[in-house]
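The values are calculated or read from the model by the stated rules, or taken from the named source; none is laboratory data. These figures come from a predicted structure and were not determined experimentally. Don't worry about glycine lacking a Cβ; one is built from the backbone with ideal geometry, like all the others, and counts go over all protein chains shown. Each accessible area value is taken on the protein alone, full model and side chains, heavy atoms only, with ligands, DNA and RNA left out. Shrake-Rupley method; radii C 1.70, N 1.55, O 1.52, S 1.80 Å.
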Amino acid sequence: MTGISSEQATGNGPIRWWLIAVAALIAIMVLVGGATRLTESGLSIVEWKPVAGTLPPLTEAEWAQVFEGYKAIPQYRELNAGMSLAEFKTIFWWEWSHRLLGRVIGVVYLLPFLWFLWRGVLNAELKRRLWLIFGLGALQGVVGWWMVASGLSQRLEVSQYRLATHLVLALVIFAAIVWTLRRMSGRPQIVVPSRLKITSVLLLALTFLQIYFGALVAGLRAGRVYNTWPEIDGALIPSSARLFFEQPWWRNLFDNTLTVQFEHRMTAYVVLALALLHAIDAVRSRAGTAVMSGAWWLVAAVILQAVLGILTLLNRVPIDLALVHQAVAIVVLTLAILQVERLAARRTESDQQKLVLPLRQPG
């Protein structure tokens, strides 16, 4: 992705605030989604009604109808049989709030986007980027229902594969917005050794991978077992017979609760080690205040995230600690994105000018 000229940057304040608002809403959406998972609320609404579903049940008859729909799925019959309507309303409101927030994000994104397009204040590069983000947002709605549908017939919960896909896609959209915001400010190219750029990209990739593993842990409820640290299943490294007993072997990476939790732990150690190496290299390379500061802030966030992960595990995943752990994961991801963008190449000013439209020109 490329940069935007300093001349354009001075006039795009409303666009920046709009994107900041959307990014903040996505972060909140991720946390509400986490709470929905932790409270086992995600299957309480068994239909996908993008428009009609905006309104919750308003009468006792409508509540009874929605509750009967939930009673028809395996989760109710095998986990919540005998649940009262009042108890059902608790889980319903979590899932309804999650879906409503998704609709709000769609409106908050689309309406200003159409306004900026009409006003002609978006250059060609920014326009392409924003259309891509819009497309990913539309896809996210489909993926969300695809996830819910996996738990409506034969499972007691949603597929951990689909849950992980849903979370990672949300954070890909979040990352694209954060990247776009950073590219909208005109800053000079920072000259650093190539290895610093490579390690920053590796850190970002590993952060996404770690978030994916974290979603698998949540989907399998793997955080509620093996609640010891630093040992897991009685050892620092469990036996291969315990880690890879399912066939084919690769299914253990996604379905075996011990293996999934172990890979989540090990990836955390790798992320922390690489973040430290990256920060030390930035200092030794005299990469500049912004790069060194960004690297050490990332180290601090990763350490905090690791501590929160350990506490969450040892306490068997209380909802408050789990959500703080998830929130700090978003902070780590944001800092990793900023560090990659800080070190990334930019177009020259002459190349950028070709993409700029007159600020008041419609179309």
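Data for the structure
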item	result
Residues of the range 282-295 that turn out to be in a helix (DSSP H, G or I) and open to solvent by 30 Å² or more (accessible area, probe 1.4 Å), as a count	6
Subset tally (residues that are in contact with a helix residue (DSSP H, G or I) (Cβ under 9 Å, 6 or more places away or on another chain) and without any contact (Cβ under 8 Å) to a residue 40 or more places away in the chain) for the range 267-292	8
Hits in the range 94-141 (condition: among the aliphatic types (A, V, I, L, M), open to solvent by 50 Å² or more (accessible area, probe 1.4 Å) and more than 30 Å from G34 (Cβ to Cβ))	L114
Verdict on I91 being open to solvent by 50 Å² or more (accessible area, probe 1.4 Å) and in a helix (DSSP H, G or I)	no
Residue match in the range 146-164 (condition: out of contact with any Asp or Glu (no Cβ under 6 Å at 6 or more places or on another chain), among the small types (G, A, S), at pLDDT below 90 and over 24 Å from S41 (Cα atoms))	no
Residue that is open to solvent by 20 Å² or more (accessible area, probe 1.4 Å), aliphatic (A, V, I, L, M), free of Cβ contacts under 8 Å to residues at least 60 places away in the same chain and farther than 30 Å from E40 by Cβ, where the choices are V172, V168, V191	V191
Test: residue in the range 71-84 that is more than 30 Å from S185 (Cβ to Cβ), within 17 Å of the chain's Cα centre (by Cα), surrounded by 14 or more Cβ atoms within 10 Å (Cβ to Cβ) and in contact (Cβ under 8 Å) with a residue 60 or more places away in the chain	no
Failed criterion for Q189 (all others in (1) closer than 25 Å to I280 by Cα; (2) polar (S, T, N, Q); (3) under 24 Å from the mean Cα position of the chain (by Cα) hold)	(3)
Any hit, the range 243-257, residues being surrounded by fewer than 14 Cβ atoms within 10 Å (Cβ to Cβ), touching a residue at least 40 places away in the same chain (Cβ under 8 Å) and over 22 Å from L171 (Cα atoms)	no
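Yes or no, residue by residue, for (1) in a loop (DSSP other than H, G, I, E, B); (2) modelled with pLDDT of 90 or more; (3) of a type in the set (F, W, Y):
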site: G33; (1), (2), (3): no, yes, no
site: T36; (1), (2), (3): no, yes, no
site: S41; (1), (2), (3): yes, yes, no
site: G53; (1), (2), (3): no, no, no
site: L58; (1), (2), (3): yes, yes, no
site: E68; (1), (2), (3): no, yes, no
